[in-house]
Amino acid sequence: MKLKKLETFTDSFICFVRATAEDGAEGWGQVAPYCADITAQVLHRQVAPHALGMDCGNIDEMLDIVRDREHKFPGSYVRRAMGGVDTAIWDMRGKQEGKPVCELIGGTPGKIRAYASSMKRDITPKDEAERFLRLRDAHGFDAFKFRIGAEVGRDTDEWEGRTEEIVPAIREALGDAPALLVDANSCYSPAKAIEVGKLLQDNGISHYEEPCPYWEFEQTKQVTDALEIDVCGGEQDCMMANWKGMIDGRIVDVLQPDVLYLGGIARTLRVARMAEAAGMPVTPHAANMSLVTLFTMHLLRAIPNAGKYLEFSIEEEDYYPWQYGLYLNDPYEVSGGQVTVTDAPGWGVEISPDWLDRAEYQISELEG
């Protein structure tokens, strides 16, 4: 069953991909969000010419051929584009077999514990705590992540003293029961990261994400070795050599691949298998309500070394106005702090025709 056609439907934030096989079978996927219109161009210029005509039953081989043919472009954009093709083909295969993707990759439908993930740094500790309490009461969340430091902040805070204030404030407001997680987004030098890490430990924070610039593995390793708290990272990494180095070197305690930054489900499964062999848990990055969170839900229902929870963004229209009107059905209903992977074939989601009608369209098709 050869891949015959790849179509993209794009705005600057979202690019949905439709893959069609030579027998007419179709599936929907998505490239990574942000600058998605650029990624769509990469897909048609640097991925489609190699993927078209290849066997839809061997996604690993297809993606490796793309990687090899585009070896002069090893970075993020090609991997983001590859993810759009990968996820569309998984949906196609699920629909052909009448199974959800999680079942195709060794899992089962069912529930997943989610943590409420804040993306905001411009929010006061008081307002963040009140927001978490509302979400706990409305949806049953029992785990929450908030931001500390400034993004790639070179040891600075969003405003002076914010981190020192928000860490105890959130713990005091929510009490001892909920799991609390933080994300430093590459803010700190090792010395400062360790200092902040001790504050986190004193307040029962269980997850410390990207304490140092993510590309500086040796810096992050210093923090991992110095603290008892779980140091976590990996969302930005898209090269298998980096993942091998991260796992072999125990750079972090918990690995956080992003399905779409990495290049799709097939490549993320490779990372999960390496992590499983090393006895390391996988808690992926999934920071918005595009399809990346749904892809991650299916992944977590299938891998034996899935982490404790799914990242689930709590941001709404003021932060992510582009994430509305994408689907006809809602795959992201939260009840009791959990989301559900259904037994619907493929990804189990219907893309909105109205959204597709407004999007920029492009097609690559196998000749002959």
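Averaging over every viewing direction, what projected area does the convex hull of the Cα atoms of segment 132-201 cover, in nm²?
Seen from a random direction, the Cα hull of segment 132-201 projects 4.7 nm² on average.
From Cα pairs below 8 angstrom and at least 6 apart in sequence, can you work out the relative contact order of the chain, rounded to a whole percent? Please report the intermediate quantities before stating the final value.
Numbers: 811 pairs, mean separation 79.2, N = 368.
So the answer I get is 22 percent.
Considering only protein heavy atoms and a 1.4 Å probe, what is the carbon-and-sulfur percentage of the accessible area of segment 263-326?
Working: 960 of 1900 Å².
Answer for segment 263-326: carbon and sulfur cover 50 percent of the accessible area.
Put simply, when 350-360, 195-205, 214-224 are sorted by average Cβ atoms within 10 angstrom per residue, most first, you get 214-224, 195-205, 350-360. Averaged per residue, the chain has 40 square angstrom of accessible surface, using a 1.4 angstrom probe with ligands and nucleic acids left out.
Distance from the alpha carbon centroid of segment 33-67 to that of segment 93-133 works out to 26 angstrom.
Over the chain, what number does the Rg to Rh ratio reach, with both radii from the alpha-carbon atoms and Rh per Kirkwood? Intermediate results must be reported in sequence, preceding the final value.
On the way: Rg = 20.2 Å, Rh = 20.9 Å.
For the chain, the value is 0.97.
Fully extending the segment from Ala278 to Glu228 would add 16.1 nm, taking 0.36 nm per residue of separation and subtracting the current Cα-Cα distance. With a 1.4 Å probe rolled over the protein heavy atoms of all chains, the accessible area of Arg250, Arg93, Arg267 falls in the order Arg250, Arg93, Arg267, largest first. Label-to-label distance for Leu199 and Arg154 is 2.0 nm, based on points extended 7 Å past Cα in the beta-carbon direction.
Just so you know, the Cα atoms of segment 304-368 work out to an Rg and Dmax of 16.3, 53 Å. The calculated Kirkwood hydrodynamic radius for segment 14-157 is 18.2 Å, given to one decimal from all distinct C-alpha pairs.
Solvent-free Debye calculation, one equal scatterer per alpha-carbon of segment 142-271: log10 I(q)/I(0) at 0.20, 0.22 Å⁻¹ equals -1.10, -1.25.
Could you tell me which of the pairs Lys145/Lys221; Lys120/Lys244; Lys120/Lys198 are separated by over 27 angstrom between their Cα atoms in the structure shown? Violating the 27 Å Cα-Cα cut-off are Lys120/Lys244.
Counting pairwise Cα distances across segment 246-368, what percent come out greater than 17 angstrom? Of the Cα pairs, 64 percent sit more than 17 Å apart.
Highest average first, the peptides 162-172, 25-35, 328-338, 133-143 ordered by how many other beta carbon atoms sit within 10 Å of their residues are 25-35, 162-172, 133-143, 328-338. Surface composition of segment 112-154: carbon plus sulfur atoms contribute 48% of the solvent-accessible area (1.4 Å probe, protein chains only, all chains present). Over the chain, dividing the summed -39,500 (n - 2.57) contributions of all DSSP H runs of at least 4 residues by the number of residues returns a 222 nm mean residue ellipticity of -11500 deg cm²/dmol. Other residues within the sphere of radius under 11 Å centred on the Cβ of Glu61, judged by their own Cβ, net out at -3 (K and R +1, D and E -1).
Compute the signed sum of charges (Lys and Arg +1, Asp and Glu -1) over the other residues within less than 9 Å, Cβ to Cβ, of Gln338. Show your work: numbers first, answer last.
On the way: positive: Lys111, Arg113; negative: none.
With Lys, Arg at +1 and Asp, Glu at -1, the neighbours total +2.
Taking label points 7 Å from Cα along the Cα-to-Cβ direction, His44 and Ala177 give a separation of 5.3 nm.
Highest mean packing first, where packing is the average number of other Cβ atoms within 10 Å per residue, the peptides 184-194, 268-278 line up as 184-194, 268-278. Extending 7 Å from Cα along the Cβ direction at Glu216 and again at Leu328 yields two label points whose distance is 5.1 nm. Divided by 2.2 N^0.38 Å, where N counts the residues, the Cα radius of gyration of segment 3-49 comes to 1.12. Note on segment 231-310: the alpha carbon radius of gyration divided by the globular reference 2.2 N^0.38 Å gives 0.95.
Relative contact order for segment 205-355: 15 percent, from Cα pairs under 8 Å spaced at least 6 residues apart, divided by residue count. Which whole number in µm²/s is D for segment 201-266 by Stokes-Einstein, with the Kirkwood Rh taken over Cα pairs at 10 °C and 1.306 mPa s? Estimated via Stokes-Einstein, D reaches 130 µm²/s.
The values are calculated or read from the model by the stated rules, or taken from the named source; none is laboratory data. Please read these numbers as outputs of a predicted model, since none were measured by experiment. When we count neighbours, we look across all protein chains shown, and the Cβ atoms used for this are built from the backbone with ideal geometry, even at glycine. When the accessible area is computed, the model is the full protein with side chains, heavy atoms only, and any ligands, DNA or RNA have been set aside. Shrake-Rupley method; radii C 1.70, N 1.55, O 1.52, S 1.80 Å.
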